[in-house]
Amino acid sequence: MSNTAVKQKRPALKVTKASKTLNVSSGIFRVNQSITKSISRKSFSSVGDSKVLDKSSAQTPKHTVQVFDENGQEVTPQPLYHPDPSVLQSKQGKLFTTHDTSWATMTDIQTTNASFAGPFTRSFFGSISASRTSHSAESVADETEDLLVKQDLSSSLTDVQGPIEQVKEQVMEYILDSVADCYLTETETFWLLDIPAVSVSGDSEDAEAVKKRNDAYIELCKNRQGNDKYVERSMQTFNGAPKTKEVQSDSISMVDKAIMSSTWNMYDSFCSGEVSGETAVSSDGKKAAVLDTSSMSHQPNPEGPDQSTSVVSITSTASSLSSRLEMEAFVLQVEEQPDSELILQSDKFKQDLAVMERVVLENIFQPKLAAYRQLPVIEDPDCARTAEDLESWTEHPFLEHLWAFKCELTMGRNVSSMAWNKRNPDLLAVGYGQFNFKDQKSGLVSCWSLKNPMWPEKIFHCESGVTALDFSACIASQLAVGMYDGSIAIYNTQSTEQTPIIDSSDCANIHTGPVWQVKWIDHETALSGEEKGETLISVSADGRISKWFLRKGLECIDLMKLKKTNMRSERRPKPDKREELFEVLISQHTSGMCFDFHPNDLNIYLAGTEEGQIHKCSYSYNEQFLNTYTAHKGAVYKITWSPFSPDIFLSCSSDWTIHLWRQDLLKPVLSFTSGQKAVYDIMWSPHCATVFGAVSEGRVEIWDLRVSILDPTIVSVTSPGVKATALLFTPETDCVLVGDSEGHVSVYKLENFTSVCSTQQVDTLEDIIQSTLASHL
Amino acid sequence: MQKNMILCQQTNISRDFKELRCRKKEAEVEETLKRIQSQKGVQGIIIVNAEGIPIKSTLDNLSTVQYAANIQQLLMKARSMVRDIDPQNDLTFLRVRSKKNEIMIAPDKDYFLIVIQNPTE
């Protein structure tokens with residue numbers, strides 16, 4: 001057998017043809033049994049060869065291992081079997097060297113067939129080897145079946161035991177003489193094939209039972225033929241002809257969506273769900289709808305800025321068997337991506353811009369604003385200290401310039417009047433208009449906010465120069481404006497419109513001269529005790545003091561007509577007043593320049609005229625003056641009652657003087673002159689009873705009567721060519737606003753000025769007056 | 001026929017008014033932006049839309065993109081923080097003061113406005 005195997009090794013070249021089939025991947029498993037057999041036999045032979053070679057190689061170094069017993073005798077075990085080198089036994093060894101077998105075959109095939117492609121991987125070989133082993137194991141079994149010869153078995157068994165070294169047989173004489181008993185025993189039966197029988201012999205015990213069963217079955221089959229119990233029925237199902245159909249779908253685009261559910265997310269969806277969702281409740285008592293809400297508030301829209309995405313979340317019920325189940329649809333945040341144009345034009349954007357502008361300016365003006373608001377000025381740690389700060393450390397009171405309200409719109413315009421808003425102390429209205437007749441141009445009213453010193457909050461353009469301003473106390477956003485052409489307009493500073501709410505153009509008897517002062521007086525409330533609203537009082541160059549009210553437009557009635565009094569008549573005091581009226585005069589009236597209502601008693605007011613006279617009048621009596629104070633030689637530009645002392649008032653005029661009066665004295669108590677220029681504006685300080693400020697053509701003066709009644713305490717000279725025309729004290733802080741003819745409104749802080757307001761000041765003022773009067777007498 | 005003509009004229013007029021108003025608004029916005037830009041120390045203004053794409057900027061492209069991206073993330077975090085504490089509250093303004101400058105951010109649903117200023121210049 002092995003010889004045949006050897007012989008068959010030669011036609012191993014034939015395997016190349018078979019091996020070509022192995023090129024097909026699936027063809028390996030269809031390799032014929034014979035081919036595998038031949039291959040396996042070849043493998044056997046090859047391994048056998050190798051085995052033999054191994055054995056021969058093993059035999060030669062046999063001498064190295066030697067075992068000796070205590071007596072020094074060599075008792076190295078000798079191999080019991082000496083194989084014939086020519087005989088090839090390799091069958092059983094195959095079981096243990098299957099891998100080698102397969103590898104050997106593979107390598108053989110590879111060497112024989114160069115066309116065997118490289119792409120076969122090792123795992124492939126492994127699979128091949130696995131299949132081969134299975135085949136080869138079978139063939140081994142076949143082989144052993146064929147060769148059921150004890151001799152071969154024993155030889156194979158000895159092979160199994162491994163290489164056994166040949167042992168030198170030490171033939172001892174006593175062993176040869178002794179009789180050796182040999183016992184032969186039968187091994188147990190090796191079952192190699194067991195096919196159970198389907199037929200039973202007639203002699204066995206079961207035969208009877210089997211026969212009976214067979215007979216019964218035959219009878220059953222016979223009975224079936226014509227029996228009603230059994231019906232034969234056959235069916236055939238038609239197998240439809242299969243047809244292949246191909247469908248291709250678009251690739252499903254996957255979008256990852258994630259949400260971090262936070263407190264506000266849930267709040268948002270809850271709120272918007274309440275507002276816009278229509279809830280239709282399923283009424284079958286099914287399980288409650290499970291809300292699936294997803295909010296896309298800040299998810300970037302991948303579709304592009306112009307498309308609108310609407311996110312609809314549908315609630316799904318757990319069991320939707322009923323057809324009447326209604327679906328709840330919560331439309332969340334229908335987002336429309338506005339394009340950039342819409343953003344830039346939106347009102348919110350304008351508002352944000354305005355806020356941002358204020359913030360930026362606040363950063364720039366922070367030290368100034370802090371000084372204004374009497375907050376401690378914190379130095380910016382990043383800002384370098386300039387040398388200026390160290391120089392300006394004096395003890396004298398002085399005016400520190402903080403900033404100036406100015407912009408290109410107001411350049412070159414003369415500031416004629418300023419007024420604080422009654423409700424918001426940060427808002428300032430400034431009116432621009434020329435005083436002279438010659439250089440009249442269109443007027444401007446600008447509302448400035450302290451938070452933005454660089455650009456006014458509101459700008460109103462007027463046809464003619466603005467000469468008077470006043471904010472209403474009732475309706476804080478109403479601003480009354482008196483103009484050079486005699487008209488009066490009321491603006492709403494909160495609206496975005498440029499036109500006034502109402503103006504006096506429809507009124508029949510409007511002023512024919514420039515309106516020099518307007519004021520809101522809360523007279524009705526004082527009289528009747530109810531809130532009836534304010535009335536607007538104005539005085540103008542046509543000699544009328546008028547009260548304005550709203551009927552079908554602004555209408556006015558005259559409170560007083562300022563009649564001219566002949567100056568000459570004063571020198572020749574006549575007992576009879578009536579004779580004065582017979583004098584021929586060009587005009588009965590004299591221009592009214594200013595007026596002021598008594599702070600406590602709104603029935604009394606003072607009016608100053610262009611002639612220099614101050615008349616005390618009553619609100620309810622418009623025929624005659626109560627009193628006349630004559631001292632000024634020029635037009636009286638301003639009259640103010642003292643806010644602390646009820647009887648004292650100040651007046652300034654173009655004759656370079658300021659007079660301090662007491663109500664009951666027809667002559668001024670004190671007179672102040674310092675410059676040689678007309679004094680345009682004066683104002684009492686709202687904090688201190690003895691302090692007042694005055695502006696004349698080139699100077700700003702702050703007088704403190706405690707310190708001196710002859711000289712102003714602070715004198716600040718304006719730049720040459722610039723006339724200071726308006727003065728305003730700030731109601732809360734110790735700052736002064738000065739408007740000039742260049743259109744700037746400068747804010748000054750009174751430094752080193754002890755202006756503590758207390759009753760002491762009023763007493764001081766009284767004392768000064770008393771002492772002055774005493775000194776007169 | 002005349003009625004139709006009058007109607008056409010009226011719609012034209014209303015459309016013109018709308019355009020005028022739009023242009024007026026644009027002009028106002030432009031003016032305000034210019035004023036802010038001209039203030040002392042203002043280094044740049046950036047307007048970014050809700051997606052994080054800058055619409056308008058006075059800085060160069062690279063800086064604009066950097067600012068927009070980083071500030072958007074910060075804004076989301078800040079807003080989330082404010083609303084987490086009280087869901088009825090919302091972020092209205094954010095200021096980041098650094099050594100060299102100050103970044104002021106006015107956020108909104110559709111956009112956010114960034115102004116970078118160095119007030120001590």
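Assorted remarks:
- On the stretch given as region A:673-701, residues that are of a type outside the set (Ser, Thr, Tyr), under 25 Å from residue A:610 (Cα atoms), touching a Phe, Trp or Tyr at 6+ places or on another chain (Cβ under 9 Å) and not in a loop (DSSP other than H, G, I, E, B) total 11.
- For region B:30-70, the set of residues classified as aliphatic (A, V, I, L, M) and farther than 23 Å from residue A:347 by Cβ consists of B:42, B:59, B:62, B:65, B:68, B:69, listed by residue number.
- Candidates A:717, A:669, A:636, filtered to the one that is without any contact (Cβ under 8 Å) to a residue 24 or more places away in the chain and of a type in the set (A, V, I, L, M, F, W, C): A:717
- Among (1) outside any loop (DSSP other than H, G, I, E, B); (2) within 20 Å of residue A:520 (Cα to Cα) - the single one residue A:486 does not satisfy: (1)
- Residue in region B:59-71 that is touching a residue at least 12 places away in the same chain (Cβ under 8 Å) and either under 14 Å from residue A:353 (Cα atoms) or touching a helix residue (DSSP H, G or I) at 6+ places or on another chain (Cβ under 9 Å) (or both) present: yes
- Residues in region A:644-672 that are among the hydroxyl-bearing types (Ser, Thr, Tyr) and touching a helix residue (DSSP H, G or I) at 6+ places or on another chain (Cβ under 9 Å): A:645 only.
- Apart from one condition, residue B:76 fits all of (1) of a type in the set (A, V, I, L, M); (2) more than 9 Å from chain A (Cβ to nearest Cβ); (3) surrounded by fewer than 16 Cβ atoms within 10 Å (Cβ to Cβ); the exception is (2).
- If the condition is being assigned to a strand (DSSP E or B), more than 15 Å from residue A:480 (Cβ to Cβ) and among the aliphatic types (A, V, I, L, M), then region A:400-426 contributes A:402, A:404, A:415.
- When region B:32-55 is filtered for residues that are within 8 Å of another protein chain (Cβ to nearest Cβ) and in contact (Cβ under 8 Å) with a residue 60 or more places away in the chain, the ones remaining, listed by number, are B:36, B:39, B:40, B:41, B:42, B:47, B:49, B:50.
- Taking first residues from region B:1-28 that are on the phi < 0 side of the Ramachandran plot and partners that are part of a helix (DSSP H, G or I), the Cβ contacts under 8 Å between residues at least 6 apart in sequence or on separate chains come to B:22/A:345; B:25/A:345; B:25/A:350; B:26/A:344; B:26/A:345; B:28/A:350.
- Only one of A:741, A:708, A:671, A:719 that is more than 25 Å from residue A:604 (Cα to Cα) and over 54 Å from the mean Cα position of the chain (by Cα): A:708
- The lone criterion from (1) farther than 30 Å from residue A:266 by Cβ; (2) within 11 Å of chain A (Cβ to nearest Cβ); (3) surrounded by fewer than 15 Cβ atoms within 10 Å (Cβ to Cβ); (4) at pLDDT 80 or above left unmet by residue B:66 is number (2).
- Applying the set (1) in a loop (DSSP other than H, G, I, E, B); (2) surrounded by fewer than 21 Cβ atoms within 10 Å (Cβ to Cβ) to residue A:500 leaves exactly one unmet item: (2).
The values are calculated or read from the model by the stated rules, or taken from the named source; none is laboratory data. Note that the coordinates shown come from a computational prediction; the quantities given were computed from them, not determined experimentally. No Cβ is skipped: glycine too gets one built from the backbone with ideal geometry, and neighbour counts run over all protein chains shown.
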